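Structure first, commentary second.
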Amino acid sequence: MQSGPQRSSSNMIWIGLALVGILVLCCCGGAGAYFFMARGGSSFANVPSPDPIPTSQPGPSMPPIPDSAGSGPSVPEAPPQSLTVTMTVDTATGVPGLSQGSTCIFPIVHYNDRGDLACQAHATCAGVALYGDSETNGFFPCQFSASPAMVSGADDGTTAADQDPSFVINSTASTIVIADDSTGHHGAFSVTGHVSVR
């Protein structure tokens, strides 16, 4: 029978045509791709790229979280307060130029951070520093009020006992006594008087 060989040759023709078509498509596709690349790409090349997605902006800054171990903001120490003492001399011995009726004006300062020795006096009369002759001495324990004005306290020891004269004041009773022994800077002296404070 002759039909068999005819079908085989017919199939071979169709297969050959299919291969040629595939080859043509490959060649044309490659040439097209080359042409496309040479022209700088498709019309999509001129489409602007989308704007970048903005990143999130930082929000308002938050106040720092306080340290749980802290005690909050510190409270500043109250400033020193002072009173002006006016002393009128009743008796005076051992201080040249000082006699009954002499008037001396000096400050007493109260410090909040000095514990027991909270007051400091710089008592100068007739040019003589009777008590508190420097910034580092003249301290004594006291009761102090700026309003109403009041101060009382005492440094009972003289120079032999504590390296400075004694100083006793009571503005409520209006009394003051300043004295020292012979070992003091000015030698032995004693001054008594009455005082007012403001």
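The values are calculated or read from the model by the stated rules, or taken from the named source; none is laboratory data. Remember, it's a predicted structure, so these values are computed and weren't measured experimentally. Positions of Cβ are backbone-derived with ideal geometry, glycine not excepted, and every protein chain shown enters the neighbour counts.
Among the residues of the stretch 77-113, those that are surrounded by fewer than 17 Cβ atoms within 10 Å (Cβ to Cβ), under 40 Å from the mean Cα position of the chain (by Cα) and not in a strand (DSSP E or B) comprise E77, A78, P79, P80, N112, D113.
Yes/no matrix, rows are residues, columns are (1) touching a strand residue (DSSP E or B) at 6+ places or on another chain (Cβ under 7 Å); (2) free of Cβ contacts under 8 Å to residues at least 40 places away in the same chain; (3) among the β-branched types (V, I, T):
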{"position": "A146", "(1), (2), (3)": "yes, no, no"}
{"position": "A160", "(1), (2), (3)": "no, yes, no"}
{"position": "Q163", "(1), (2), (3)": "no, yes, no"}
{"position": "F167", "(1), (2), (3)": "yes, no, no"}
{"position": "S171", "(1), (2), (3)": "yes, no, no"}
{"position": "I176", "(1), (2), (3)": "yes, no, yes"}
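If you go through the stretch 125-144 and pick out every residue that is modelled with pLDDT of 95 or more and either within 32 Å of the chain's Cα centre (by Cα) or more than 17 Å from G187 (Cβ to Cβ) (or both), you end up with 8.
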